[in-house]
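J.: Quick one: the structure is below, questions incoming.
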Amino acid sequence: MCIRDRYQRRVHGILAIMLAQYLFIVACFFSISYQTIGVWLPPPEKLDVDTAKCIIRQPPKFIIVRAYTSDGKMDPNANETILAAERAGFEDIDVSISPCLACDPAEQAIQILKAINNMAYGKILINIDVPGWKEDVAENQKFLETLIGEILKAEEKAGIISTKFQFEKVFGVSYSKFSTLPLVYVKVGSDPTFSDYVAFGGWKSPYAKHYMTGVRACKMKWEATYKSQTTILDLLQLH
């Protein structure tokens, strides 16, 4: 074998190793195709325009921003984060709320809607995994129906974030009133697929899934989210 052939083979070998390493890093970070991966931002992080621009160069293109906490307060970073995402070029932005169970459901819905009235967002996703639900599932159902009712009455879109266990414990196994709304189910430590989804609440299939913690990108710490077909960046802050 001539020197040129040996050199070419060596170069090809080095390039193959570099490509394999790159693909391994991508696989470890994203776990799956960029078309179906996203992340959420745990508190107290917030998104500024520069970070949003960094993120939008990555695969995620869909954002969920926490807007309301379970202690009955608007998240002070919500509007700034939404604006930063919008200015960076994100077109799909949702917000999440962790309802205050000691507060009036209708009043907090009105408070939330008023606070984000001028913001660019698509859906309001309600996080069920908060402490303080009553043992009476009928009372819990009434609370949720009032809360969502106010959102829908304002001609806004709503959705649910929950585990199967929590939803059935809070509202009962047979409750399915909101099965036509988008469902984000939570199963941390699982795979980025819907293969482990077990139907509950009348949902035959989910909208998205939170599945991994400890991911880092753009100098921030994220928690990964899977969504079928569409990439999402999840700035969901569970509280």
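The values are calculated or read from the model by the stated rules, or taken from the named source; none is laboratory data. Only a predicted model underlies this, so the values are computations on that prediction, with no experimental measurement involved. FYI the Cβ positions are ideal-geometry reconstructions off the backbone, even for glycines, and counts take in every protein chain you see. The area values use the complete protein model at the heavy-atom level, side chains included, leaving out ligands, DNA and RNA. Shrake-Rupley method; radii C 1.70, N 1.55, O 1.52, S 1.80 Å.
J.: Is it true that K204 is out of contact with any strand residue (DSSP E or B) (no Cβ under 7 Å at 6 or more places or on another chain) and more than 29 Å from E145 (Cβ to Cβ)?
T.: Judged against the criteria, K204 is not a match.
J.: Among what's in segment 128-161 and is modelled with pLDDT under 95 and open to solvent by less than 10 Å² (accessible area, probe 1.4 Å), pick the residue that is nearest to A85 (Cα to Cα). Spell out the reasoning first.
T.: Here is the first cut: in segment 128-161, the ones modelled with pLDDT under 95 are 129-132, 161.
With open to solvent by less than 10 Å² (accessible area, probe 1.4 Å) added as a condition, the list becomes 130, 161.
Working: V130: 26, I161: 22 Å.
Filtering segment 128-161 for residues that are modelled with pLDDT under 95 and open to solvent by less than 10 Å² (accessible area, probe 1.4 Å), the one nearest to A85 (Cα to Cα) comes out as I161.
J.: A further question on this structure: Working only within segment 57-101, note down all residues that are among the polar types (S, T, N, Q), outside any loop (DSSP other than H, G, I, E, B) and either open to solvent by 10 Å² or more (accessible area, probe 1.4 Å) or farther than 24 Å from Y226 by Cβ (or both). Don't jump to the end; show me each part of the working.
T.: Narrowing segment 57-101 to residues among the polar types (S, T, N, Q): 58, 69-70, 77, 79, 81, 96, 98.
Subsequent filtering for residues that are outside any loop (DSSP other than H, G, I, E, B) retains 79, 81, 96.
Across segment 57-101, the qualifying residue is only N79.
J.: With (1) modelled with pLDDT of 85 or more; (2) in contact with a His (Cβ under 8 Å, 6 or more places away or on another chain) as the list, and G202 as the residue in question, which single condition is left unmet?
T.: Checking G202 against (1) modelled with pLDDT of 85 or more; (2) in contact with a His (Cβ under 8 Å, 6 or more places away or on another chain), the one that fails is (2).
J.: Which pairs have Cβ atoms under 9 Å, sit 6 or more apart or on different chains, and link a residue in segment 164-176 that is within 19 Å of K187 (Cβ to Cβ) to one that is of a type in the set (K, R)?
T.: K164/K187; V170/K134; F171/K177
J.: Note down all Cβ pairs under 7 Å where the first residue falls in segment 77-100 and is farther than 22 Å from L147 by Cβ, the second is acidic (D, E) and in a helix (DSSP H, G or I), and they're at least six residues apart or on different chains.
T.: none
J.: Regarding segment 205-226, can at least one residue be identified that is open to solvent by 70 Å² or more (accessible area, probe 1.4 Å), hydroxyl-bearing (S, T, Y), at pLDDT 95 or above and more than 20 Å from I97 (Cα to Cα)?
T.: Looking for residues that are open to solvent by 70 Å² or more (accessible area, probe 1.4 Å), hydroxyl-bearing (S, T, Y), at pLDDT 95 or above and more than 20 Å from I97 (Cα to Cα), one finds none in segment 205-226, hence no.
J.: Let me ask another. Yes or no: segment 184-198 includes at least one residue that is farther than 22 Å from A102 by Cα, without any contact (Cβ under 8 Å) to a residue 12 or more places away in the chain and out of contact with any helix residue (DSSP H, G or I) (no Cβ under 7 Å at 6 or more places or on another chain).
T.: Yes, because at least one residue in segment 184-198 is farther than 22 Å from A102 by Cα, without any contact (Cβ under 8 Å) to a residue 12 or more places away in the chain and out of contact with any helix residue (DSSP H, G or I) (no Cβ under 7 Å at 6 or more places or on another chain).
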